[in-house]
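Here is the structure we will look at.
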Amino acid sequence: MNTMEPGATAARFPGWLRIALIGRHPKRTLIRATVLAVVCFAFFKLFVFKLLVLPVRIEGNSMFPTYHDRGINFVNRLAYRHVTPQRGDVVGIRMAGPSIMLMKRIVGMPGETVAFEHGRLLIDGKQILEPYLEHPSPAPFLEPVTLGQNEYYVIGDNRMNSDRGRIDRDRIMGKIVL
């Protein structure tokens with residue numbers, strides 16, 4: 001027997017839809033959802049964004065035009081766990097603790113002699129092509145610098161507006177993901 005008046009619509013969800021969406025006990029479902037949200041937040045905040053990837057905000061134009069000012073990227077801390085950094089990799093470099101990093105490109109490998117002459121990169125006296133630079137920026141002159149066994153030479157893509165220099169391998173936090 002129909003107890004609803006003609007033209008009236010059901011004000012409540014059908015029973016099976018309510019059970020599927022919020023369960024038989026809405027208060028318990030709310031508590032479980034809240035606990036799950038807190039656990040997921042803590043997992044990502046404390047584990048993923050501290051140990052696996054580090055968010056990095058770009059400030060400045062040293063990596064322009066490849067990376068823009070005020071952009072956000074991530075440093076993959078596991079990228080160099082079993083392999084060594086390679087020429088052309090963009091890396092996060094720890095400066096003063098894990099919260100202050102520079103983002104630079106590796107151009108010189110351990111044991112090489114790095115120089116910049118006439119705006120070109122020279123490794124061991126030979127010009128190196130840099131296909132990762134979409135818009136090559138001339139670099140200021142640099143006398144030849146020989147790197148040690150555990151040193152890399154880094155510079156930003158905006159060569160005229162970038163800090164550069166040799167860094168130890170233990171200062172490289174990881175590879176830029178995006």
Between the DSSP loop rule and a limit of at most 13 other Cβ atoms within 10 Å, which chymotrypsin sites (Phe, Trp or Tyr not before Pro) in the stretch 104-178 are left?
TYR132, PHE141
Could you give the accessible area per residue of the chain, probe 1.4 Å, as a whole number in Å²?
68 Å²
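For the chain, what does -39500 (n - 2.57) per DSSP helix run (n ≥ 4), summed and divided by total residues, give at 222 nm, in deg cm²/dmol to the nearest 500? Walk me through the intermediate numbers first.
Working: 2 runs with 25 residues, N = 178.
After summing the helix terms and dividing by residue count, I get -4500 deg cm²/dmol.
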Between GLY92, GLY125, GLY156, find the one with the highest GNM mean-square fluctuation for the chain; connect C-alpha pairs within less than 10 Å.
GLY125
Listed by chain and number, the residues whose amide H is under 5 Å from that of MET173, excluding neighbours fewer than 5 places away on the same chain and using placed H, are GLY92, ILE93, ARG94
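What Kirkwood hydrodynamic radius do you get for the stretch 20-178 when you take the inverse of the mean 1/r over all pairs of distinct Cα atoms, in Å? The partial results should precede the final answer.
Details: mean 1/r = 0.0564 Å⁻¹.
Hydrodynamic radius (Kirkwood, Cα pairs) of the stretch 20-178 is 17.7 Å.
To the nearest 20 debye, what is the magnitude of the charge dipole of the stretch 78-128 about its Cα centre, counting +1 on the Cβ of each Lys and Arg and -1 on the Cβ of each Asp and Glu?
On the way: 7 positive and 4 negative charges, 34 e Å.
Result for the stretch 78-128 is approximately 160 debye, rounded to the nearest 20.
Could you please put LYS175, LYS27, LYS45 in sequence from largest to smallest accessible area, using a 1.4 Å probe? If you can, show how the numbers build up before the last one.
Details: LYS175 80, LYS27 170, LYS45 105 Å².
Largest accessible area first, the list is LYS27, LYS45, LYS175.
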Going through the stretch 74-178, which GluC sites (Glu not before Pro) have at most 13 other Cβ atoms within 10 Å and a DSSP loop state?
GLU134
For the chain, what does the relative contact order come out to in percent, with C-alpha contacts under 8 Å and a separation of six or more?
22 percent
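If you roll a 1.4 angstrom probe over the protein chains with everything in place, what fraction of the accessible area of the chain belongs to carbon and sulfur, to the nearest %?
Working: 7210 of 12090 Å².
Heavy-atom surface of the chain belonging to carbon and sulfur, 1.4 Å probe: 60 percent.
Of ARG87, ARG166, which has the most accessible area with a 1.4 Å probe, and how do the rest follow in descending order? Kindly include the intermediate steps, with their values, before the conclusion.
Values: ARG87 80, ARG166 115 Å².
Listed by decreasing accessible area, they come as ARG166, ARG87.
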Setting aside same-chain residues fewer than 8 positions from LYS50, which lysines have a Cα under 17 Å from its Cα?
LYS175
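The values are calculated or read from the model by the stated rules, or taken from the named source; none is laboratory data. The structure presented is a predicted model; accordingly, all values stated were derived computationally and were not measured. Every residue, glycine among them, receives a Cβ derived from its backbone with ideal geometry; neighbour counts consider all protein chains shown. Heavy atoms of the whole protein, side chains included, go into the accessibility calculation; ligands, DNA and RNA do not. Shrake-Rupley method; radii C 1.70, N 1.55, O 1.52, S 1.80 Å.
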